[in-house]
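Structure record follows, encoded as structure tokens.
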There are 2 protein chains.
Amino acid sequence: MTKKSADPANASAPAAGSAARQVPMRDFSRSLPMSLLRAREAVMRQFRPSLREHGLTEQQWRILRALAAIEAVEVTELARTAFLLGPSLSRILRDLEARNLIERRIAKADQRRSMVSISKEGVKLMASVAPNSEAIYAEITRRFGARKLAELQEMLGELEHSLAGLGSADDARAEE
Amino acid sequence: MTKKSADPANASAPAAGSAARQVPMRDFSRSLPMSLLRAREAVMRQFRPSLREHGLTEQQWRILRALAAIEAVEVTELARTAFLLGPSLSRILRDLEARNLIERRIAKADQRRSMVSISKEGVKLMASVAPNSEAIYAEITRRFGARKLAELQEMLGELEHSLAGLGSADDARAEE
DNA sequence: CCGAGATACTTAACATGTTAAGTGAATGCG
DNA sequence: CGCATTCACTTAACATGTTAAGTATCTCGG
């Protein structure tokens with residue numbers, strides 16, 4: 001495990017065509033999406049092993065947490081809360097229901113909607129996971145600093161807000 | 001757009017088996033992983049349509065960008081640069097090679113390693129995508145503010161750094 | 001009433017994330 | 001030299017992300 005071939009820092013000879021040089025791009029490792037991806041991965045890396053011990057994925061855990069705070073929700077509303085796309089949620093709910101961690105019933109007023117709620121078993125599972133999860137979060141907070149953490153989340157919220165309504169709604173360009 | 005706000009006619013009866021609200025945790029929507037996820041999604045939502053028009057996924061684009069800066073890399077090194085796991089990279093490289101966007105050859109000194117490089121077609125494709133991509137990035141920067149963006153990325157880097165070496169190496173707790 | 005359009009999901013299809021196992025090639029050590 | 005280890009990937013298997021269709025239900029104008 002010595003050095004990995006060359007050092008890519010300098011040199012940077014764009015090889016074949018000069019097309020790449022005509023459109024110079026930022027150092028890709030410093031792009032915002034990459035920064036966000038790496039930071040999130042660094043955080044999730046802490047939680048995954050604990051969740052895995054309880055047979056839960058990150059998304060399943062998100063759903064249970066979202067359900068724990070309310071009586072029942074429609075699937076669409078749950079998708080927004082847990083930040084999952086409909087198809088993902090649909091699959092996960094099917095599995096969680098098969099494991100008896102959640103319950104569903106059709107809304108009486110509207111046969112299209114189904115109301116989802118956490119089951120007693122789901123609550124028990126949560127109770128066995130939550131302490132560990134909270135401890136990990138506390139350690140992260142301790143390492144990074146509570147104040148900085150709040151600042152970071154504030155900035156993330158602002159970023160999200162400043163991009164709201166750019167590409168989310170179809171801009172109806174009629175450009176085809 | 002009928003409002004779905006409060007109680008949709010069924011008045012959400014206290015529900016016989018409702019087990020919610022028994023495991024107190026932080027408001028889950030304010031957790032760090034969720035903040036990071038939402039922020040990243042808000043950003044990527046801007047890029048995906050453009051990439052899609054060129055038949056590229058986000059990950060494929062990351063790989064091409066990483067390759068554009070160098071002559072050739074080993075797969076393992078590329079995985080680190082593009083922040084992809086081995087198996088994902090393996091599949092994507094197979095597809096990119098089939099599309100003639102990259103090239104591969106076995107390293108002479110070590111038959112296990114394969115050196116990957118971008119092809120001329122790959123460079124051409126990049127040249128057709130990069131301007132649009134840069135424009136989007138510029139717009140994001142404009143909206144959020146260049147200084148704040150730099151600050152944010154600084155903090156993300158610190159977060160990543162402060163968590164380095166927590167759960168990455170197996171802690172061999174022997175706690176079971 | 002009725003049928004066109006909107007809603008609330010669900011399925012399908014393809015691509016990636018994630019972990020575990022497999023394969024072939026180098027290395028190190030007795 | 002022989003062979004167990006380690007390495008550098010690749011496959012496999014399952015779960016989710018992402019977009020497009022499909023299905024049943026509801027709403028509303030005529």
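Rule-based calculations on the coordinates, nothing more; no lab input. Just so it is clear, the structure is predicted and the values come from calculations on it, not from any experiment. Every residue, glycine as well, gets a Cβ built from its backbone with ideal geometry; the counts of neighbours run over all protein chains shown.
Observations on the structure shown:
- Peptide B:104-116, shielding by other chains (average Cβ, 10 Å cutoff): 0
- Selection from B:Gly122, B:Phe144, B:Leu78, by position along the positive dipole direction of region B:49-145 (Cβ): B:Leu78
- Highest average first, the peptides A:68-78, A:46-56, B:57-67 ordered by how many other beta carbon atoms sit within 10 Å of their residues are B:57-67, A:68-78, A:46-56.
- Scattering curve values for region A:37-136, log₁₀ I(q)/I(0), Debye with Cα scatterers, q = 0.17, 0.24 Å⁻¹: -0.77, -1.36
- Near A:Arg113, the amide H atoms lying under 5 Å from its own belong to A:Ala107; only residues 5 or more places off or on other chains count, and H is placed 1.01 Å from N.
- Shielding score for B:56-69, defined as the mean number of other chain Cβ atoms within 10 Å: 3
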